[in-house]
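The values are calculated or read from the model by the stated rules, or taken from the named source; none is laboratory data. Please read all numbers here as calculations on a predicted model, not as lab measurements. Glycine gets a Cβ as well: all are built from the backbone with ideal geometry, and neighbour counts include every protein chain shown.
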Amino acid sequence: MAGLLDTIIQGILLGGLYALFAAGLSLIFGIMRLVNLAHGDLIVLAAFAILALGSGLGLDPLLATLLALPVMFLIGFGLQQILLNRTLGHGLLPPLLVTFGLSIIIQNGLLQGFTADSQRLQAGAIETASINLGGGVAVGLIPLLTFASAVIVIIGLNVLFYRTALGRAFRATSDDLATAELMGIDHHRTFALAMGIAMIVVTIAGLYLGMRANFDPTIGPARLLYAFEAVIIGGLGSFWGTLAGGVIIGLAQTIGANIDPEWQILAGHLAFLFVLVLRPRGLFPRALD
Amino acid sequence: MTSASASPPTAQFRVAVSTPASLGLAAVGLLLLVGLVALPSVAERDLIQDLSFVFYMLALAQCWNLLAGYAGLVSVGQQAFVGLGGYLLFALTIFGNLDPLLAIVLAGVVAGLFAIPTGLVVFRFRGAYFAIGSWVVAEVYRLVFAQIKQLGGGTGTSLPPSVSNGVAGIDWVKTLFDVRAPAARDIITYWAALALAAGTLAVVYLLLRSRRGLALAAIRDQEATAESVGINTVRTKLAVYVLVAAMTGMIGALIYLQKARISPDSAFAVLDWTAYVILIVVIGGIGTIEGPVVGVIVFYLLQRYLADYGTWYLILLGAIAIAVMLFAPQGIWGSLQGRFRLALFPTQRRLERADVSGDRT
């Protein structure tokens, strides 16, 4: 019984990590219908940025993250302004292909700069710290922090989206681009800000990716798939749905791994396809695609 | 005005697809084909191997182009069918004792059958989501095949020499060209790759010239309008998806007959079997039959002269993909076509005045 409970708790907490992977993707999906195939690689890029800043300046990963946040924001803003905005509005293929090319460039750029070696963000004592919940169930501090961060990020995105002027601009461009333009919204700048904010979420995701497990330049595409699955399960445009989607993937993977370690990833994918066949538009769709 | 409308038309019209240039080029193409078939009698083994690679990449590119360029199904998951075909070849030859060439054909049929339920799942996704959704499905294929211990599980397995050296016609080729078994095997896979490349090109061309091809072009140009004039878009797309899966499965089987070693990570590699293929189609020109031919030549030259640079080569490929999409989204052939009105494989229907003997009024 304690074993099952433990599995479920670990699964939910793992879902927090996947929700962090997915929240940035969900934001970009929701606002500009851009499917960013480089999203996973950007998470890995953020983890390497934290690693480089941390080891270069001798900082703790958490402090290095604070430095990485504005850098990644600017990277996202610039990427959207210079590259991605040009791909929108010409059909399906340009954004897919350009972000696919970007994915290959980031992966190989990281391979060139950091080699294929596995890396890890060394966080010191909190890495091994855990909280005993009684009944033989203990949770690690980092998984707990991951989940808490996911909830905070999602609350933050909801506040931004529904309570601020920028959020109003996001929703307006999402709902009707032409009318939003008539109301004086510069949608290119709005999209660039959205990508910058998505990169802030991506950096937080990169921090936990690097603290929880080893990472190397090639693991981005798999993170993209988990993120995508969480977004689709949750339903387009719903941030809480994205959290629920992440938790479903996390649970399926943990339960699958408990049966046979080789089934972990497969169980997550199958759960995703199962939900998709039952509910094609996800569990909590806000927007029509 | 009045007299013209009163009298019946004096000229007759017919719909034409061929152009004088395309008919001339068909003859040249046929000669080229004969030359390529006879090539092993003079060419070195290296060239034969390189050309096999060019041919199967061209065949994969034609398949993806039909899927994405005409049916609007931008898949990032075609490696599912390459890997499936490869594994089927291994299973059919090792456990079924089939001849490898027969196994290639059968692998295509089975891949097509697998594509029906797979298609029903991935067709739940629309547009851009289809891309990632098909990728997820390809990952499921990879992870499932990694579980099959009889085929080597996660580390993969090799084709026993008895299988690859027992391919039909190998003794005949050995005596004909006076070569040893490995070289004879290369020549047979070369012919098979040539047949698949020419075959996919012919299938795609004939399909696009047919009624169904007209429906596909309509879907490509404006899906809602196509539906409004009575085209069953879902059924047409599913048919294309299954056809492409069958052809891709055959190509995958051939690729792994040549490689003689398979593992889940290589057989279901998104980079090798989808990213490169997309790059070929996009560089050459998506939505044209000539585009993949041009693209594969460019890709081969890049690979041959720059692949030694490893990561820098891949970074360059990524940059090329981005540059083409931003500055020449129609690719090399698309741009040429726009400027010179070329069509080696014309599919456009033109109205021509037919020669009428005598006045029919």
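Just a few scattered comments:
- Test set (1) closer than 16 Å to A:Asp6 by Cβ; (2) touching an Asp or Glu at 6+ places or on another chain (Cβ under 8 Å); (3) surrounded by 13 or more Cβ atoms within 10 Å (Cβ to Cβ) - A:Ile106 fails condition number: (1)
- Index of the failed condition, A:Gly167 passing every other in (1) without any contact (Cβ under 8 Å) to a residue 60 or more places away in the chain; (2) out of contact with any Phe, Trp or Tyr (no Cβ under 6 Å at 6 or more places or on another chain): (2)
- So B:Arg235, is it of a type in the set (D, E, K, R), loosely packed, with under 15 Cβ neighbours inside 10 Å and assigned to a helix (DSSP H, G or I): yes
- Where A:Asn108 falls short, out of the listed (1) out of contact with any helix residue (DSSP H, G or I) (no Cβ under 8 Å at 6 or more places or on another chain); (2) within 11 Å of another protein chain (Cβ to nearest Cβ): (1)
- Listed by position, the helices (runs of 4 or more DSSP H) contained in the range B:79-190 that have at least 3 residues being over 21 Å from A:Val275 (Cβ atoms), under 26 Å from the mean Cα position of the chain (by Cα) and in contact (Cβ under 8 Å) with a residue 40 or more places away in the chain are B:79-94, B:100-122.
- Only listed residue being touching a helix residue (DSSP H, G or I) at 6+ places or on another chain (Cβ under 6 Å), more than 14 Å from chain B (Cβ to nearest Cβ) and either at pLDDT 95 or above or more than 19 Å from A:Leu37 (Cβ to Cβ) (or both), chosen from A:Gly206, A:Gly256: A:Gly206
- Total residues in the range A:254-265, condition closer than 16 Å to B:Gln147 by Cβ and in contact (Cβ under 8 Å) with a residue 40 or more places away in the chain: 1
Yes/no matrix, rows are residues, columns are (1) surrounded by fewer than 17 Cβ atoms within 10 Å (Cβ to Cβ); (2) within 14 Å of chain B (Cβ to nearest Cβ):
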site	(1), (2)
A:Ala64	no, no
A:Pro70	yes, no
A:Leu84	no, yes
A:Thr87	no, yes
A:Gly91	yes, yes
A:Pro95	no, yes
A:Gly113	yes, yes
A:Gly124	yes, no
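- Residue satisfying all of: in the range B:309-354; farther than 25 Å from B:Val270 by Cβ and hydroxyl-bearing (Ser, Thr, Tyr); farthest from the other protein chains (Cβ to nearest Cβ) among these: B:Thr347
- In summary, A:Val277 fulfils each of the numbered conditions (1) surrounded by 23 or more Cβ atoms within 10 Å (Cβ to Cβ); (2) aliphatic (A, V, I, L, M); (3) within 12 Å of another protein chain (Cβ to nearest Cβ) with the single exception of condition (1).
- You will find that of A:Gly237, A:Gly268, A:Gly241, the residue that is away from chain B (no Cβ under 14 Å), touching a residue at least 40 places away in the same chain (Cβ under 8 Å) and either in contact with a Pro (Cβ under 9 Å, 6 or more places away or on another chain) or surrounded by 23 or more Cβ atoms within 10 Å (Cβ to Cβ) (or both) is A:Gly241 and no other.
- Taking each residue of the range B:325-337 that is in contact (Cβ under 8 Å) with a residue 60 or more places away in the chain and among the small types (Gly, Ala, Ser) and looking for partners that are surrounded by fewer than 20 Cβ atoms within 10 Å (Cβ to Cβ) and part of a helix (DSSP H, G or I) with beta-carbon atoms closer than 7 Å, six or more apart or interchain, yields nothing.
- Residue tally, condition farther than 21 Å from A:Gly91 by Cβ and either buried (at least 19 other Cβ atoms within 10 Å of the Cβ) or in contact with a strand residue (DSSP E or B) (Cβ under 7 Å, 6 or more places away or on another chain) (or both), over the range B:208-232: 0
- Residues of the range B:266-288 that are surrounded by fewer than 24 Cβ atoms within 10 Å (Cβ to Cβ), part of a helix (DSSP H, G or I) and within 11 Å of chain A (Cβ to nearest Cβ): B:Val270, B:Leu271, B:Ala275, B:Tyr276.
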